[in-house]
Amino acid sequence: MDREEMVQLLVDYDIDYIMGDAAQDDYSMLAAYLVKGFKGYANFTDEELVAEVSERMYMKEWLLNNT
């Protein structure tokens, strides 16, 4: 997976997560981004992107196996 694909994957994941939370009237993640800021995935180093994608994939696999 190249850099652009990792950025897009993370953006898509966050949008899905925020929209799912919003459907339940939970805006905490969006509020945290607005209050604390977010540097944006395009500004992550390659190492940070790989770590973030790996963490998301681990979380996704864990949820699939434990729900």
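The values are calculated or read from the model by the stated rules, or taken from the named source; none is laboratory data. Since this is a predicted model, take the numbers as computed values, not measurements. Reconstructed Cβ throughout: ideal geometry from the backbone, glycine too, with neighbour counts over all protein chains shown.
Taking interchain pairs and intrachain pairs at least six residues apart, which have beta carbon atoms under 8 angstrom, with the first residue in the stretch 1-26 and within 11 Å of Tyr41 (Cα to Cα) and the second small (Gly, Ala, Ser) and at pLDDT 95 or above?
Val7/Ala42
Among helices (runs of 4 or more DSSP H) lying entirely in the chain, which contain 1 or more residues that are surrounded by 12 or more Cβ atoms within 10 Å (Cβ to Cβ) and among the basic types (Lys, Arg)?
Counting at least 1 such residues, we get 3-23, 46-65.
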